[in-house]
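The values are calculated or read from the model by the stated rules, or taken from the named source; none is laboratory data. From a predicted model like this one, the values you see are computed outputs, not experimental measurements. Neighbour counts run over all protein chains shown; Cβ positions are idealised from the backbone, glycine included. Please note that ligands, DNA and RNA were not included when accessible areas were found on the heavy atoms of the full protein model with its side chains. Shrake-Rupley method; radii C 1.70, N 1.55, O 1.52, S 1.80 Å.
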Amino acid sequence: LRKAMYGLVQAPRAWMKTFVKILKHMDLKQCRTDPCVFYLRKNDEVKLILNVYCDDVLLSGLQTEIDNFKSNIKRYLKIKEIGKVKRHLGVDYNIEPDERSLEIHMTEFVQEIISDYEQETKKVLKIYDTPGTTSEPLLENAGNKERQEQYRSYVGRLLFAIKKCIPDCSNAIRELSQHLENPGTEQWKSVERLLG
């Protein structure tokens, strides 16, 4: 790790290898499906979960285990505690005062997409009860392509938001993603419906 130069391609890899070694030494297990998630299991119960993004770590679990982890990690690394998470990677977190529930949202990001769309099209979006139609799938565009670059941009931005914290729109974005090469009027109507 001391030989890895900051900013080079191999530096994050060297950091992650070192950090993983430390976490495993502290009896944390690496998740098989997401290598950036680590957990501490005791008596067949998960007591602590770490979510690692570069050199940022989100901790969740029992307060005693969190405190124990923080005191142990200080033996290996210099850390800076920021406090309870409010915003991370574009996602806003609202933790209830009793700490029994957590609300996540990307309201600011989604509002920015809606605002951009309304400015571009000069129309106010109608609000729908569902993100997509359940009756029939979105058919291929038989006409000319309509604003392909903008279509791809909106689908990509929506995909980012849906992946982070709006899973109920997954099917609608899946259908929209199938028409990136040839968007038409019907595809744009579906974008409007999803945004509304």
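Data for the structure
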item: Nearby lysines by direct alpha-carbon distance to LYS21 (threshold 23 angstrom, same-chain neighbours under 8 apart not counted); result: LYS3, LYS29, LYS42, LYS47, LYS70, LYS74, LYS78, LYS80
item: Set of lysines with alpha-carbon distance to LYS126 below 21 Å, sequence-local pairs under 8 removed; result: LYS189
item: 20 Å Cα-Cα reach of LYS163 towards lysines, excluding residues that sit fewer than 8 places from it in its own chain; result: LYS86
item: Entry for P(r) over Cα pairs in 10 Å bins from 0, in percent (calculated from the structure that is shown) out of (1) 8, 25, 19, 14, 12, 10, 7, 3, 1, 0, 0; (2) 7, 26, 25, 20, 17, 6, 0; (3) 8, 27, 24, 10, 9, 8, 8, 5, 1, 0; result: (2)
item: Accessible area of segment 97-163 belonging to carbon and sulfur atoms, whole % at 1.4 Å probe; result: 50 percent
item: For ASP129, net neighbour charge (Lys/Arg +1, Asp/Glu -1) across residues whose Cβ lies under 15 Å away; result: 0
item: Per residue value of the accessible surface for segment 70-196 (all protein chains in place, 1.4 Å probe), Å²; result: 70 Å²
item: Listed residues ILE79, ILE166, ILE114, most fluctuating in the chain (Gaussian network, C-alpha, under 10 Å); result: ILE79
item: Full-extension gain in nm, ARG157 to ARG174, via 0.36 nm per residue minus C-alpha separation; result: 4.8 nm
item: Selection of GluC sites (Glu not before Pro), segment 158-196, meeting DSSP coil and at most 12 other Cβ within 10 Å; result: GLU181
